[in-house]
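Report on the structure given below.
The values are calculated or read from the model by the stated rules, or taken from the named source; none is laboratory data. What you are looking at is a predicted structure, and each value in this text was computed from that prediction instead of being measured. A quick note on method: Cβ atoms are made from the backbone with ideal geometry, for glycine too, and the neighbour counts reach across all protein chains shown.
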Amino acid sequence: MALHFTQVTIIGVGLIGGSLGMILRRKGLATRVVGVGRRVENLKAAVELGAIDRYVVDSKDGVREADLVVLATPVDTYDRHLTEWASCLKPGAIVTDVRSVKGLLVEQAERAMPTDVHFVGAHPIAGKEKTGVAAGSDQLFMGARCIITPTNRTDPQALEQVRALWQATGSVVITMDAYLHDKILGAVSHLPHVAAFALINALAEIRDQQIPSLDLAKHSGGGLRDTTRIAASSPEMWRDIFLWNRENVVTFIEAYERSLSQLKQLIQLGDAAGIEKALERARQEREKLSTQAAVSA
């Protein structure tokens, strides 16, 4: 049977939610796509950009007739949203999400579902440092991985519907335990964001306290821009990700601190051989990453 929803409601029509809406409409995967959000201006833009057919400001009205509801808001809002409108969902409806923390959030979402409604956690690993529906694209998920995190409570048919949805976007879909997902993403995504945010803040402190004439834009090259690109990401979104995955994030920050401290000590000691050894190890690991990424592509 071909994948098709009568109504998909997207809660939070930003980069991810808006891009998904564009694909649903372009491919005819939904008869109508309804957007729900805080800012009417953004929702009007989403209509103009073809991300949704129409919008409502009352989430209860927005989800009442939905076959599929996509939560694309900051993770800290999930409980509030589900408490507000889960009881309005029709029997057989599916609720899914798009955020990069799963574990406890999946458990909470499953508990919030009425007995005849199904939750399936999902995380499309795609995005940009720019946010908002204006940055959306119907090609955003093409070739990207999407991790689905079923549990022993997940309805098999709902799971297959969500899998088919993300395959239709061009994503490579894999399944994973929700808590393992949080460990892996904590290491390869959340920690790099911590490092980028911290580096930019450190440079701002150096400028303000030690080199008032330091112009980061004028005096930096591509290295700084490449290293800190993701520091332009949404503070609201990443605040919630760090807090909801705090145990893993703190553990990995401590590992990063140890690595940074070791390199600092080598530099303090003037240990040229030790510095080179540490940098060579890093270079080799980075080469492995590039090679593996090329193979995956």
Inset, instruction - Run Leu159 past the list (1) of a type in the set (A, V, I, L, M, F, W, C); (2) more than 17 Å from Met22 (Cα to Cα); (3) in a loop (DSSP other than H, G, I, E, B) and report the number of the one that doesn't hold. - result: (3)
Legend entry - Lone unmet requirement of (1) free of Cβ contacts under 8 Å to residues at least 60 places away in the same chain; (2) more than 23 Å from Thr6 (Cα to Cα); (3) exposed (fewer than 15 other Cβ atoms within 10 Å of the Cβ) for Lys130: (1)
Legend entry - Matching entry among His190, His181, His219 (being of a type outside the set (Asp, Glu), out of contact with any Lys or Arg (no Cβ under 6 Å at 6 or more places or on another chain) and at pLDDT 90 or above): His190
Legend entry - Close pairs from segment 248-267: first part of a helix (DSSP H, G or I), partner of a type in the set (D, E, K, R), Cβ under 6 Å, at least 6 apart: Asn248/Asp182; Asn248/Lys183
Inset, instruction - Of the conditions (1) in contact with a strand residue (DSSP E or B) (Cβ under 8 Å, 6 or more places away or on another chain); (2) assigned to a helix (DSSP H, G or I), Ser19 clears all except one; give me its number. - result: (1)
Inset, instruction - Read through the list (1) basic (Lys, Arg); (2) over 22 Å from the mean Cα position of the chain (by Cα); (3) not in a loop (DSSP other than H, G, I, E, B), then give the number of the only condition that Lys90 fails. - result: (3)
Legend entry - Checklist (1) of a type outside the set (Lys, Arg); (2) assigned by TED's automatic domain parsing to the domain that holds Ala72; (3) surrounded by fewer than 19 Cβ atoms within 10 Å (Cβ to Cβ) applied to Leu165, failing item: (3)
Legend entry - Yes/no for Leu185 being outside any helix (DSSP H, G or I) and either surrounded by 14 or more Cβ atoms within 10 Å (Cβ to Cβ) or assigned by TED's automatic domain parsing to the domain that holds Thr149 (or both): no
Legend entry - Arg281 vs. criteria of a type in the set (Lys, Arg), more than 23 Å from Leu180 (Cα to Cα), assigned to a helix (DSSP H, G or I) and out of contact with any His (no Cβ under 8 Å at 6 or more places or on another chain): yes
Inset, instruction - Name, by its number, the condition in (1) in a loop (DSSP other than H, G, I, E, B); (2) within 16 Å of Ala112 (Cβ to Cβ) that does not hold for His81. - result: (1)
Legend entry - Single match in Ile23, Ile52 (criterion: surrounded by 13 or more Cβ atoms within 10 Å (Cβ to Cβ), in contact with a Phe, Trp or Tyr (Cβ under 8 Å, 6 or more places away or on another chain), over 21 Å from Arg80 (Cβ atoms) and aliphatic (A, V, I, L, M)): Ile23
Inset, instruction - Look through Asp138, Asp155 and report the one residue that is charged (D, E, K, R), on the phi < 0 side of the Ramachandran plot and more than 17 Å from the chain's Cα centre (by Cα). - result: Asp155
Legend entry - Evaluation of Gly14 against (1) small (Gly, Ala, Ser); (2) modelled with pLDDT of 95 or more; (3) closer than 24 Å to Thr131 by Cα (one fails), failing number: (2)
Legend entry - Elements of type helices (runs of 4 or more DSSP H) contained in segment 190-242, each with 1 or more residues being under 29 Å from Thr73 (Cβ atoms) and hydroxyl-bearing (Ser, Thr, Tyr): 222-228
Inset, instruction - Could you tell me whether any residue of segment 256-268 is buried (at least 17 other Cβ atoms within 10 Å of the Cβ) and touching a Leu at 6+ places or on another chain (Cβ under 9 Å)? - result: no
Legend entry - Scan of segment 55-71 for residues that are crowded, with 23+ Cβ neighbours inside 10 Å and over 16 Å from Ala112 (Cβ atoms), ordered by number: Gly62, Leu68
